[in-house]
Structures are given as structure tokens and as C-alpha cells.
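Encoded as C-alpha cells, the structure appears first; notes follow it.
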Amino acid sequence: MPQQHLPVPPFEEPLPGAWTSAMPQAMERVPKPAADWLAWLVALAVLVFMAVFGLQAMRWSLAGAWHWLWMLVGLPFFGVFSVLAVMAVVIRLRERRRVRVALENMSLERGEGFRPGEPLALRLRATVPAAREGERTVAPERIAMRLMLHRTVDAAGECCCEAIASCEETRDGRVLYVCELRADVGFDAPQWSVELRDAADDTGVPVLIAALRLLPAR
């Protein structure tokens, strides 16, 4: 009885153009230039000086008589500027930004098709999206590329080959992931696909899934 083959999906099916990792976003300290640190230290010194002046004015008011008028100056100075100095230190120490792992403008090169027993070269080209305020965007360091076979219409894909591609930067500012997959001649399936995942992402959410055109055997 002849084997029933699945209808081959379109070779140029729509692929997602952007992807963001589902992993919890890491947090990091925001690097500051030396000039920014110097300006912050000067501002902090001014706040501390004003707070100390307010404290000293309250001490002068303890002398009694007309000196109590210093309390009208010292109390608000000490209260306001001491709070501002503490807030400046706390905000600087707690200043963090998110590190978002993401890609956009993704383009997957799969060649003309796939033939069991022969290597399949895959190239994923993408760009790193612009960072929003309070974050830094980076590309995943490694992408796991899997060759999946589908034995029946409803069957989930079975991985028969996997390779890890490292991130490379190209001259045009894009990132590139390159790998080669191969399935043994003995594998027979009417439908094949490739599945790309962030190698560091354990959530199981793929970057993209793309169908392959099955070429006839030579």
C-alpha cells in the first residue's frame, strides 16, 4: 500500500519578524561616565552641607533669648536637605535597568529545500531592537536549531538533529546565526520543519518554526 504523504506547506510561509525571550528579564547596574559621578558627588555634598548647616542652626537656638530664631531656619533646612541626601544615595544605589533578550527583522535562509542524507545550511539574520528607557537589549548568545520530522498529519515534530549556532556580528550591524543540520537517509517523513530556540531559554517557547520543502532523492 503506498504511503500517504502530507500536503507540503508553502515554502515561503509567513514567519514572525520579531521575538522577545519569555525568560525573566535580568537586571543590571547602569554604567555611568566619570563626569556623571562627579556631578552627583557635588550635588550630594551640597545637600549634606545644607543639612549640616540646619543641624548647626538648631544647636545655636539652644542658647536661648533671640537665638531661638535660628530654629526657624535650622529645622526646615535639616529636615528637607537630610531627606534629599538620603534619597539621592538610595536612588543611586538602587538604580537598575532591564536586560531584554530580543530580535527583530528576522530572516531565515533555508536554501532550496531539504533532502535526507544531505546537509542543510541554515542562516538566521536579524537585528537587535532599539532599547526603551530603563532597559538594554541584547541578542541571544546561542540559538539551538532543530531538524523536525512529522510522520503523520497530527503528529508533533520529532527532533532528529540539533546544532547550536553562536551569535556573530556582520558588517551591516546585523547578527547572524549559522549552522548545518543533516538527517540520515533512513528517515522517511512526508513533512519536515526546522525549530529555532534560544539555547538559554528553558520555557520551551521557540523563536520561530519554519517548514522545509522536501526535495526528491537523487
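The values are calculated or read from the model by the stated rules, or taken from the named source; none is laboratory data. Predicted model, so just to flag it, every value in this text is computed and none were measured. Cβ placement follows ideal geometry from the backbone for every residue including glycine, while neighbour counts extend to all protein chains displayed. The accessibility values were calculated without ligands, DNA or RNA, using every heavy atom of the protein model including side chains. Shrake-Rupley method; radii C 1.70, N 1.55, O 1.52, S 1.80 Å.
Just a yes or no: is a residue in region 149-164 closer than 18 Å to W19 by Cβ and touching a residue at least 40 places away in the same chain (Cβ under 8 Å)? Within region 149-164 (the criterion being closer than 18 Å to W19 by Cβ and touching a residue at least 40 places away in the same chain (Cβ under 8 Å)), the answer is no, since none of the residues qualifies.
Of all residues in region 85-106 being in contact with a helix residue (DSSP H, G or I) (Cβ under 8 Å, 6 or more places away or on another chain) and surrounded by fewer than 17 Cβ atoms within 10 Å (Cβ to Cβ), which is modelled with the lowest pLDDT?
Residues of region 85-106 in contact with a helix residue (DSSP H, G or I) (Cβ under 8 Å, 6 or more places away or on another chain): 85, 88-89, 92.
Retained after the next criterion (residues that are surrounded by fewer than 17 Cβ atoms within 10 Å (Cβ to Cβ)): 88-89, 92.
Numbers: A88: 87, V89: 88, R92: 83.
For region 85-106, the residue satisfying everything is R92.
The residue that is farthest from L84 (Cα to Cα), counting only those in region 1-22 that are modelled with pLDDT of 85 or more and open to solvent by 60 Å² or more (accessible area, probe 1.4 Å), is A18.
Residue count for region 26-48 under the criterion of being surrounded by fewer than 13 Cβ atoms within 10 Å (Cβ to Cβ) and in contact (Cβ under 8 Å) with a residue 12 or more places away in the chain: the result is 4.
Residue by residue, here is whether (1) without any contact (Cβ under 8 Å) to a residue 60 or more places away in the chain; (2) within 30 Å of L47 (Cα to Cα) holds:
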position	(1), (2)
V90	yes, yes
A102	no, no
M106	no, no
P129	no, no
A139	yes, no
A144	yes, no
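Scanning region 24-39 for residues that are assigned to a loop (DSSP other than H, G, I, E, B) and modelled with pLDDT of 85 or more turns up nothing.
Could you tell me which of the residues A165, A183, A189, A121 is in contact with a strand residue (DSSP E or B) (Cβ under 6 Å, 6 or more places away or on another chain), crowded, with 19+ Cβ neighbours inside 10 Å and not in a loop (DSSP other than H, G, I, E, B)? It would help to see each step written out before you state the result.
On the way: A183 fails: not in a loop (DSSP other than H, G, I, E, B); A189 fails: not in a loop (DSSP other than H, G, I, E, B); A121 fails: crowded, with 19+ Cβ neighbours inside 10 Å.
Of the residues listed, the single one that is in contact with a strand residue (DSSP E or B) (Cβ under 6 Å, 6 or more places away or on another chain), crowded, with 19+ Cβ neighbours inside 10 Å and not in a loop (DSSP other than H, G, I, E, B) is A165.
Please go through region 124-146 and pick out each residue that is open to solvent by less than 30 Å² (accessible area, probe 1.4 Å), in a strand (DSSP E or B) and at pLDDT 90 or above. L124, A126, T127, T137, I143, A144, M145 - these are the residues of region 124-146 that are open to solvent by less than 30 Å² (accessible area, probe 1.4 Å), in a strand (DSSP E or B) and at pLDDT 90 or above.
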